Amino acid sequence: MKTAALALLSVSLLLSLGACSEINSPQSSRTTGIIESCPDSPNCVSSDAADKNHFIMPFQLATTAEKAWPIVIEVIMELPRSNIIQQTDSFLAVECRSAVLAFVDDLKLQLRANEGIIAVYSASRIGYSDFGVNHDRIEVLRAALIKRGVVK
């Protein structure tokens, strides 16, 4: 009984902390149409990161941007527990929820047709470490897009 009460208290504390972080991180800052810098914490990867701890390779297009982008959107829509919150001709902002406790991560993709790439960003909204979840999300997405012939 004591263990169950302690577990419930721990979950309540985590949810409370998560709610506080949402207040400090307004929705508009997640839909700017740009790829931001990663914070110092290890729970973020970005193809625009200058440091090796956060850097991940962008997606190299294997076809034209016009053919690739609609397929990228299709693949994103197939990701479990994910919701596109902003979509333009060259930018996607996606909320990805974890299976346990439904923590939200931000996934962003920016089509840079003139460079032949899609810049990528994936970061946890709360917490310090993500145990590699954001890195893995990008690599799963890369593999799905390679399979569809969109990226190399």
List the chymotrypsin sites (Phe, Trp or Tyr not before Pro) in the range 99-152 that DSSP assigns to loop (not H, G, I, E or B) and whose Cβ has at most 14 other Cβ atoms within 10 Å. Which are they?
-> 128, 131
Length gained when the stretch residue 146-residue 125 is fully extended (0.36 nm per residue, less Cα-Cα span) | 4.8 nm
Under 5 Å, built H, 5+ apart or other chain: amide partners of residue 91 = 111
³J(HN,Hα) computed for each position of the range 44-55 - Karplus, 6.51 cos²θ - 1.76 cosθ + 1.60, integer Hz, glycine/proline x | 8, 10, 8, 6, 9, 5, 8, 9, 5, 6, 10, 6
Around residue 87, with a cut-off of 13 angstrom between Cβ atoms, what is the net charge of the other residues, counting Lys and Arg +1 and Asp and Glu -1?
-> -2
Tally Lys/Arg at +1 and Asp/Glu at -1 over every other residue whose Cβ is under 14 Å from the Cβ of residue 78; what's the total?
-> +3
Note, the range 89-97: 3J(HN,Hα) by Karplus (6.51, -1.76, 1.60, θ = phi - 60°), whole Hz, Gly/Pro = x, goes 6, 9, 8, 10, 10, 10, 9, 10, 9
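Computed from the coordinates by the stated procedures, all read-outs in this text should not be read as laboratory data. Everything quoted here is computed from the prediction, not taken from an experiment. Cβ coordinates were reconstructed from backbone atoms using ideal geometry, including for glycine residues, and neighbour counts include every protein chain displayed.
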